[in-house]
1. Amide H to amide H under 5 Å from Leu266: which residues, 5+ apart in sequence or cross-chain, H placed 1.01 Å off N in plane?
2. May I ask you to evaluate 6.51 cos²θ - 1.76 cosθ + 1.60, the Karplus curve with θ = phi - 60°, for each residue of segment 250-259 and list the ³J(HN,Hα) values in order in whole Hz, giving x for glycine and proline?
3. Let me know the shape class of segment 128-298, please: from the alpha-carbon gyration tensor, a ≥ b ≥ c as square roots of the eigenvalues, rounded when a/c is under 1.5, otherwise prolate if a/b is greater than b/c, or oblate.
4. What does the extension gain come out to for Leu36 and Ala24, with contour length at 0.36 nm per residue minus their alpha carbon separation?
5. Extending each Cα 7 Å along its Cβ direction at Gln17 and His92, get the distance between those two points in nm, one decimal.
6. Could you grab the relative contact order for segment 70-179? Cα pairs under 8 Å, six or more apart, rounded to a whole percent.
7. Restricting to Cα pairs below 8 Å that are 6+ residues apart, what does the relative contact order work out to for segment 237-282? Please round to a whole percent.
8. With a point put 7 Å past each Cα toward its Cβ, work out how far Ile102 is from Ile162 in nm, to one decimal.
Amino acid sequence: MCVYTVCVYILHNIYIQCTFMVAAAFTGSWFIFGLLWYSLAKNNGDLDVLQNSSESQRMKCIDNINSLTTAFLYSLETQTTIGYGGRALTGHCPGTVALLIIQSLMGAIINCFMCGLILAKISLPKRRAKTVTYSEIAVICLWKGSLCLQIRVANLRKSLLIGSHIYGKLLRTTISPEGETIILDQVNIDFLVDAGKDNLFFVCPLALYHVIDKSSPFSEMAADTLQQQDFELVVFLDGTAESTSSSCQVRTSYLPREIKWGYNFLPVISRTKGGKYRVDLSNFSKTEPVVTPHCACCFNNKHNKELILHRHEREGIDNLGFDVIDLRDSVDVTEKSD
């Protein structure tokens, strides 16, 4: 758990701190093993023997280690495999062989661990998520003959997000039919895009729509009761960065006071005389009032009546007060000849 916490801390800090921690990890391991080499040399008496004695030189564990500094240098040379120079094992002490194996393995593990952290830090999609922005507010208006909740999302980079998927969660406190209070009840909110379902093609700012039908939790709300509701709409955008192939998630949330009923977003895309498209992000979160039904029930009732009238006009209405007469049986048509 402690190692995991350190990894998360390194990944989410700035590069200067990460560089310092990586340098501290390597230097610390060299110093710790330097102390172990120094203790082995001291216990064997290598620090007390004379350098010009052939007998004492033969019984040494490590050649040319006579202080803590030389022990640290030997530890660094061993772990980085840059060569020993005058410092080397003599092979007379089994403990030095075991410590050499342990330090070599630990050095390889630390190298792999730190390289993995650096690569993860470089490919971390944290900055990529900041280049995707949502509109500051959401609106409720009519769209393609349906009452919809609408939000906007835009990609501020030229590189695309591959496999983008949008969905939402409505968090609220509800009471079950059994009388149990459910805190932070989560309701799935489905979104549609201008050109399809919930898969986004981020070449320009897109409008996301949630159709307010009978299954939608917004069907119970109205224009004058929306601000009195207690909920939070959380919107999620999952995608894969095109440049690094790393997945990222961008989240935002809307409170009732951040949702406008009876408004629509101003257009942000225009076309120049030269045939090029122009995006004006200054209107990204700006709205204008539009004619919108007072509530979803009012809209659905009116819509159902229009469907019934349209069907009657197309199929006709039977009147039970009239008798059906076959004209071919009751009228005899004859042709008069001159």
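The numbers here are math on the coordinates, done by the rules we state, and not lab data. Everything quoted here is computed from the prediction, not taken from an experiment. Using ideal geometry, Cβ is built from the backbone for each residue, glycine included, and neighbour counts are taken over all protein chains shown.
1. So Leu266 has HN proximity to Lys286, Thr287, Glu288.
2. Karplus values, whole Hz, x for Gly and Pro: 10, 10, 8, 9, 10, 8, x, 6, 9, 10.
3. Details: a/c = 2.31, a/b = 1.39, b/c = 1.66.
Oblate is the answer for segment 128-298, as a/c is 1.5 or above yet b/c matches or exceeds a/b.
4. On the way: separation 12, 0.36 × 12 = 4.32 nm, distance 1.83 nm.
In short, 2.5 nm is gained.
5. Here the modelled spin labels are 5.0 nm apart.
6. Numbers: 50 pairs, mean separation 15.8, N = 110.
So the answer I get is 14 percent.
7. Details: 29 pairs, mean separation 9.4, N = 46.
Value for segment 237-282: 20 percent.
8. Once both label points are built, they end up 4.6 nm from each other.
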